[in-house]
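Here is the structure we will look at.
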Amino acid sequence: MAPVTSKRGRSRIVAVCLVAGVVTLLGRSATTFFFGGSKSPEDKVEAAKDNLLKADAAFFDVDSTVVKTEGIDLLGKCFGVMKEISELTHAAMNGNVKFQDAMNDRLQLMADHGMTEEALEKCVKKEGVPRWTDGVREVVKRLHARGVDVYLVSGGFRNMINPIAEVLDIPEENIYANTILFDKEGNYAGFNRKEPTSASGGKPAVLKMMKKQKKYKTMIMFGDGATDMDARTKGPAAAFIGYGGVTARPKIVEGADWFVYSFKEILNVLPES
């Protein structure tokens, strides 16, 4: 004799079959719709592209994103401690050390090896010529043409970043970066800790501040490190576009909404004006 199934049991079986059929027909997005869960990598990329096209503000990390170099590593080169500075930089960018601690350690190391105000100015003139990442200037140009406000948000230093902003036609008020301080004799005296980018969580703080002040609806963050991704995971960025043309960090490859190895991938999405 066939087993007897109650009306309630038959209803459950029918419902499950219906859902399974729809999922089969519609694919992965239906699974997310019915059962929840995170978007597929493909869905995240498409959503990031859509957000890029409707963005009203774009925020770029500078070192290893807009330019191929790390500004503080170049400063370290001037004072003979580039290797040590680079190691501290990577630890901070991978999220293994508090940003403000790494900042303090790097600057103090350079100060111990001769960094004065005068020596720093000479270093910037020697090492501060931008080495642009391929396609980034055209990306910024197209964003400007679309009426998008473009910002530079960096854990680097204003004396290295201001010339970059000038070439990109980004106003000074759209730069968020750090300032090295010196006393009256020109000796190192720390850094401006009031800058939001001088501490961990600085980049999401900048985006939150801009969202409140400017009422932006769709903000995009570009960058290569954990501090950049924070603008998405801990801040209001609608999408985080990870850049790996200089360094591809595994956490960023995995965590970005869209990870690119060339800004030409961005240009393929952004139409020319």
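For ASN51, are the conditions met, namely being assigned to a loop (DSSP other than H, G, I, E, B) and under 17 Å from the mean Cα position of the chain (by Cα)?
no
With the requirement that a residue be surrounded by fewer than 17 Cβ atoms within 10 Å (Cβ to Cβ) and not charged (D, E, K, R), what does the stretch 120-131 give you?
Listed by number, the list holds a single entry, VAL129.
For the stretch 151-194: of the residues being part of a strand (DSSP E or B) and out of contact with any Ser or Thr (no Cβ under 9 Å at 6 or more places or on another chain), which is farthest from VAL140 (Cα to Cα)?
Here the residue is ALA189.
Select from the stretch 130-146 the residues that are outside any helix (DSSP H, G or I) and in contact with a helix residue (DSSP H, G or I) (Cβ under 8 Å, 6 or more places away or on another chain) and write down the one among them that is modelled with the lowest pLDDT.
Only one residue fits best here, namely PRO130.
Hey, does the stretch 253-268 have a residue that's touching a Leu at 6+ places or on another chain (Cβ under 9 Å) and farther than 30 Å from ASN104 by Cα?
yes
From VAL167, VAL153, VAL139, which residue is surrounded by fewer than 21 Cβ atoms within 10 Å (Cβ to Cβ) and of a type in the set (A, V, I, L, M)?
Sole residue among the options that is surrounded by fewer than 21 Cβ atoms within 10 Å (Cβ to Cβ) and of a type in the set (A, V, I, L, M): VAL167.
Looking at the stretch 202-273, what helices (runs of 4 or more DSSP H) fall wholly within it and have at least 3 residues that are touching a strand residue (DSSP E or B) at 6+ places or on another chain (Cβ under 7 Å) and surrounded by 18 or more Cβ atoms within 10 Å (Cβ to Cβ)?
Once the helices (runs of 4 or more DSSP H) in the stretch 202-273 are filtered for at least 3 residues that are touching a strand residue (DSSP E or B) at 6+ places or on another chain (Cβ under 7 Å) and surrounded by 18 or more Cβ atoms within 10 Å (Cβ to Cβ), what remains is 202-214, 226-233.
Within the stretch 187-239, take every residue that is without any contact (Cβ under 8 Å) to a residue 40 or more places away in the chain and among the hydrophobic types (A, V, I, L, M, F, W, C) and give me the one that is farthest from GLU46 (Cα to Cα).
Within the stretch 187-239, the match that is farthest from GLU46 (Cα to Cα) is ALA189.
Can you tell me how many residues in the stretch 215-238 are aromatic (Phe, Trp, Tyr) and closer than 26 Å to LYS68 by Cβ?
Summing the residues that are aromatic (Phe, Trp, Tyr) and closer than 26 Å to LYS68 by Cβ in the stretch 215-238 gives 1.
Looking at (1) surrounded by fewer than 22 Cβ atoms within 10 Å (Cβ to Cβ); (2) of a type in the set (Asp, Glu); (3) within 30 Å of ARG142 (Cβ to Cβ), can you tell me which one GLU87 breaks?
(3)
Could you look through the stretch 63-83, keep only residues that are of a type outside the set (A, V, I, L, M) and part of a helix (DSSP H, G or I), and pick out the one that is surrounded by the fewest Cβ atoms within 10 Å (Cβ to Cβ)?
By that ranking, first place goes to LYS83.
Kindly establish whether ALA119 is modelled with pLDDT of 95 or more, in contact with a helix residue (DSSP H, G or I) (Cβ under 8 Å, 6 or more places away or on another chain), of a type outside the set (Asp, Glu) and part of a strand (DSSP E or B).
no
If I filter the stretch 90-116 down to residues being touching a Gly at 6+ places or on another chain (Cβ under 7 Å) and at pLDDT 95 or above, which single residue comes out as surrounded by the most Cβ atoms within 10 Å (Cβ to Cβ)?
MET110
The values are calculated or read from the model by the stated rules, or taken from the named source; none is laboratory data. In this text the structure is predicted, and so the values were computed from the model without any measurement. Glycine also receives a Cβ, built like all others from the backbone with ideal geometry; neighbour counts cover every protein chain displayed.
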